[in-house]
Amino acid sequence: MIFKYIQEPKLGSLLRSRDALIYLNRSIDQMGWRLPPRSKPYWWLYYIWSLMVIVLVFIFIPYGLIMTGIKEFKNFTTTDLFTYVQVPVNTNASIMKGIIVLFMRRRFSSAQKMMDQMDIRCVKMEEKMEVHRSAALCNRVVVTYHGIYFGYLTMALTGALVIGKTPFCLYNPLVNPDNHFYLATAIESVTMAGIILANLILDVYPIIYVVVLRTHLELLSQRVKNLRSDKDKEDDEHYAELVECVKDHKLIVEYGNTLRPMISATMFIQLLSVGLLLGLAAVSMQFYNTIMERVVSGVYTIAILSQTFPFCYVCEQLNSDCESLTNTLFHSKWIGAERRYRTTMLYFIHNVQQSILFTAGGIFPICLNTNIKMAKFAFSVVTIVNEMDLAEKLKRE
């Protein structure tokens with residue numbers, strides 16, 4: 001059943017934390033980014049597939065975009081020009097992010113092992129159901145992103161068929177669009193589907209992994225709240241529960257540290273490009289004449305916003321969760337406990353005060369305020385175009 005991993009929790013079929021990655025990992029497999037061991041049968045077929053995807057996405061598309069600019073720039077209409085300008089910015093950003101993830105992809109495996117360790121602590125049914133809801137939510141996020149991103153591709157392809165031009169103006173040395181329009185459009189759509197799927201993976205993976213982190217941080221906060229609440233337990237048992245909570249927090253911090261370098265690098269590139277992309281999308285609407293072109297540009301704008309806003313929101317919530325854990329720990333029932341319990345509690349309070357923050361390139365924090373500041377650059381792009389009267393100067397027959 002295709003949607004079995006996004007359903008509400010049912011006894012006997014509860015999901016684990018690593019099940020949050022099912023749809024994401026399927027997309028990664030389609031891109032050829034998880035090479036199987038050579039002990040598996042027909043492993044070489046997958047290696048060939050991976051090589052083909054790399055050639056198409058990381059070599060053919062950049063080559064096609066460069067050659068388009070060299071050979072066809074003088075023949076562009078205004079609509080063609082702004083369609084062309086937007087694609088290289090987003091594509092090159094995706095390629096740079098993809099290279100980073102490919103070099104750091106082993107961190108995914110390490111993080112998944114830590115997910116399994118965190119799940120071991122979820123012994124209560126309420127905790128297991130919360131983990132299931134988190135995993136189902138993550139899978140729904142991936143499905144939603146597929147709808148947005150490939151919805152844009154569908155709209156772009158439909159618009160191309162209506163106006164009789166290839167959707168992304170990608171240079172093809174083998175097929176001339178003037179002579180074989182439908183074949184050229186099909187080839188261009190398939191290759192761009194690869195870069196769109198890669199972009200989807202690179203934009204979704206931070207959300208999925210951090211949502212899982214937030215879930216276990218909230219479960220830890222609930223365990224801290226219940227410390228020393230059972231008066232029938234001995235001091236040794238209370239102390240053992242506190243030590244386990246300290247270990248849980250240490251594992252969660254280690255999980256975040258494992259993902260931080262990869263998320264930091266990819267989000268730095270994405271946040272820098274989102275303002276320019278939004279600006280170009282806003283400017284392009286001034287040149288589009290047909291409703292179809294404007295609808296495609298609108299869907300594209302939604303896809304651009306989806307690249308940064310959801311993850312910035314999740315990071316904002318993560319910061320609130322860290323503050324909530326600190327307050328919960330401070331207000332837990334530790335007053336009157338034995339000395340070793342209080343000593344360990346002070347150590348724990350000191351550690352949790354250091355929030356699990358993600359930064360872009362180690363320079364600025366990933367949060368809604370940063371996303372808004374980067375998006376404001378779009379208004380600067382529109383202002384520059386309007387002040388310089390580029391709309392009239394760039395108009396072409």
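Here, each number is a calculation from the coordinates, and none is a lab measurement. Remember, it's a predicted structure, so these values are computed and weren't measured experimentally. Backbone-built Cβ (ideal geometry, glycine too); neighbour counts: all protein chains shown.
Note on Thr154 and Ile59: the model spin-label points, each 7 Å out from Cα along the C-beta direction, lie 3.3 nm apart.
For the range 97-189, applying the loop criterion from DSSP together with a ceiling of 10 other beta carbons within 10 Å to the GluC sites (Glu not before Pro) yields no site. Comparing Ile28, Ile120, Ile61 in a Gaussian network model of the chain, where Cα atoms under 10 Å apart are tied by springs, the biggest mean-square fluctuation is seen for Ile120.
The angle between the Cα long axis of helix 181-225 and the longest principal axis of the Cα atoms of the chain comes to about 20 degrees, rounded to the nearest 10.
The distance separating the Cα centre of the range 37-59 from that of the range 1-33 comes to 23 Å.
For the peptides 195-201, 14-20, residues were scored by their other Cβ atoms within 10 Å and the scores averaged per peptide; the highest-first order is 195-201, 14-20.
Highest mobility in the GNM of the chain, judged by mean-square fluctuation with C-alpha springs under 10 Å and restricted to Val210, Val55, Val143, is found for Val55.
What FRET efficiency comes out for Gln117 versus Thr343 if R0 is 22 angstrom and r is the Cβ-Cβ distance? Round to the nearest 0.05. The pair Gln117/Thr343 has a calculated efficiency of 0.25. So how far, in whole Å, is the C-alpha centre of the range 77-137 from the one of the range 314-330? Result: 22 Å between the Cα centres. Each of Val55, Ala193, Ala93 was scored by the projection of its Cα onto the charge dipole of the chain, and the greatest displacement toward the positive side belongs to Val55; charges sit on the C-beta of Lys, Arg, Asp and Glu. Per the Debye formula on identical point scatterers at the alpha carbon atoms of the range 219-349, with no solvent, log10 I(q)/I(0) at q = 0.09, 0.15, 0.20, 0.21 Å⁻¹ is -0.48, -0.80, -1.10, -1.16.
Beyond 38 Å, what percent of the Cα pairs of the chain remain? Of all Cα-Cα distances in the chain, 31 percent exceed 38 Å. Against the chain, whose longest principal axis is taken from its Cα atoms, helix 61-72 shows a tilt of about 30°. Take the chain and mark each of the chymotrypsin sites (Phe, Trp or Tyr not before Pro) that is in a DSSP loop with at most 11 other Cβ atoms within 10 Å; the longest unmarked stretch, sites excluded, is 43-397. Normalising by residue count, the range 46-133 has a Cα convex hull of 147 Å³ per residue. Rounded to whole numbers, the Karplus 3J(HN,Hα) couplings from phi for the range 173-178 are x, 9, 10, 8, x, 5 Hz, using 6.51 cos²θ - 1.76 cosθ + 1.60 with θ = phi - 60°, and x at Gly and Pro.
Computed from Cα atoms, the angle from the helix 291-330 axis to the main principal axis of the chain rounds to 20 degrees. Less than 26 Å apart at the alpha-carbon level, and either on another chain or at least 8 residues along: which lysines does that give for Lys124? Cα-Cα hits under 26 Å: Lys4, Lys10, Lys113, Lys225, Lys231, Lys233, Lys247, Lys250, Lys333.
Once you compute Rg and the Kirkwood Rh from C-alpha atoms, what is the Rg to Rh ratio for the range 150-196? Numbers along the way, then the final one.
Numbers: Rg = 9.9 Å, Rh = 10.5 Å.
Radius of gyration over Kirkwood radius for the range 150-196 works out to 0.93.
Under a Gaussian network description of the chain, with springs only between Cα atoms under 10 Å, the residue in Val243, Val204, Val53 that fluctuates furthest is Val243.
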